[in-house]
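The values are calculated or read from the model by the stated rules, or taken from the named source; none is laboratory data. Just so it is clear, the structure is predicted and the values come from calculations on it, not from any experiment. No Cβ is skipped: glycine too gets one built from the backbone with ideal geometry, and neighbour counts run over all protein chains shown.
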């Protein structure tokens with residue numbers, strides 16, 4: 001299959017690749033319905049986990065800020081933090097759920113989790129009216145690490161291996177565990193039955209096993225079966241954006257031909273109605289404009305120029321559509337004045353930032369503030 005074309009060697013940085021995965025995980029799991037399905041699947045595997053889920057009010061789960069100041073004054077940034085109250089509890093009686101994504105094994109995993117947890121507890125303690133009251137309790141922790149690296153994790157890093165082993169001090173070492181979901185060793189059958197969650201986990205697994213571009217049957221077909229609407233189109237856009245960035249990180253690219261080959265056989269007659277993706281739009285617009293100018297001039301230069309201009313126009317329009325789709329998926333309706341401001345924007349970097357703002361904002365007023 002002629003999907004990938006080699007590009008000139010460029011400077012690479014392992015952190016760039018990791019950030020691509022981090023960005024995608026933060027974006028998709030900011031959707032609470034996915035988080036709930038994830039918890040049911042992986043926390044609900046054990047008897048204690050099922051008991052815990054019965055106690056939690058998952059309908060009131062909320063996304064918490066991930067940037068805050070720890071006890072020593074330094075800023076901590078976790079991937080995702082959620083607050084889940086008890087069904088029959090009050091105040092801080094609930095669970096703080098820290099969801100971390102990792103693409104490679106490091107001994108410091110457990111140490112990072114401990115730092116995040118202590119910083120979050122400190123936040124609850126400082127915000128309490130009377131933390132010394134017997135009614136005040138710190139939230140119970142629920143810690144999960146999602147790993148999608150190419151190499152399986154043989155032994156998950158634990159805090160004990162990070163601390164000096166000296167006789168007489170073992171009893172003072174904090175002991176805690178966490179759930180590790182290692183996609184590299186899981187089969188698709190272990191991704192659950194919720195269609196969208198299966199799609200996301202399959203995609204994250206394929207992003208590091210070398211088969212990311214071969215996604216038609218495993219990813220796009222199940223996604224198309226969910227619903228033929230704007231929300232589905234939004235998820236297809238997110239998937240192809242992630243594919244494009246991941247493949248480019250390997251100094252390759254997702255070509256217009258590969259996009260056609262991946263999408264069109266799935267949607268067939270519905271492809272026009274689906275509007276496909278921002279990627280397909282920008283590539284096809286560039287090809288059409290380039291071919292028209294090329295025929296007029298009779299030279300290849302026209303096609304090249306048309307493709308460049310078409311990509312720029314398509315990228316801006318595609319970015320606007322992704323922002324608006326994210327807002328509609330979350331808030332149903334988008335006020336006309338907000339849509340007007342977004343439609344006037346052409347900077348792809350600013351539009352990409354707005355996508356994250358749309359996902360993270362709890363209200364339209366909060367998004368409007370980010371738009372200023």
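Selection of segment 103-136 for residues being over 30 Å from residue 205 (Cβ atoms) and touching a residue at least 12 places away in the same chain (Cβ under 8 Å) yields 118, 119, 121, 122, 123, 124, 125, 128, 135, 136.
Could you check, for segment 173-183, whether at least one of its residues is on the phi > 0 side of the Ramachandran plot and surrounded by fewer than 16 Cβ atoms within 10 Å (Cβ to Cβ)? There is no residue in segment 173-183 that is on the phi > 0 side of the Ramachandran plot and surrounded by fewer than 16 Cβ atoms within 10 Å (Cβ to Cβ). Per the listing 99, 111, the residue uniquely at pLDDT 90 or above and either out of contact with any helix residue (DSSP H, G or I) (no Cβ under 6 Å at 6 or more places or on another chain) or in a loop (DSSP other than H, G, I, E, B) (or both) is 99.
So is residue 155 surrounded by fewer than 14 Cβ atoms within 10 Å (Cβ to Cβ), free of Cβ contacts under 8 Å to residues at least 40 places away in the same chain and closer than 27 Å to residue 44 by Cα or not? In short, yes.
Every residue, every condition in (1) within 22 Å of the chain's Cα centre (by Cα); (2) assigned by TED's automatic domain parsing to the domain that holds residue 79; (3) crowded, with 17+ Cβ neighbours inside 10 Å, yes or no:
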| position | (1), (2), (3) |
| --- | --- |
| 107 | no, yes, no |
| 119 | no, yes, yes |
| 128 | no, yes, no |
| 136 | no, yes, no |
| 144 | yes, yes, yes |
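Residue 325 - would you say it is closer than 18 Å to residue 367 by Cα and at pLDDT 75 or above? Spelling it out, residue 325 is indeed closer than 18 Å to residue 367 by Cα and at pLDDT 75 or above. Listed by first and then second residue, the pairs with beta-carbon distance under 7 Å, at least 6 apart or on different chains, first residue in segment 170-189 and under 17 Å from residue 39 (Cα atoms), second in a loop (DSSP other than H, G, I, E, B), are 179/43; 180/153; 180/156; 182/152; 182/153; 183/148.
In summary, residue 140 fulfils each of the numbered conditions (1) out of contact with any strand residue (DSSP E or B) (no Cβ under 7 Å at 6 or more places or on another chain); (2) touching a residue at least 40 places away in the same chain (Cβ under 8 Å) with the single exception of condition (1). Among the residues of segment 349-363, just one is buried (at least 17 other Cβ atoms within 10 Å of the Cβ) and more than 21 Å from residue 66 (Cβ to Cβ), namely 351.
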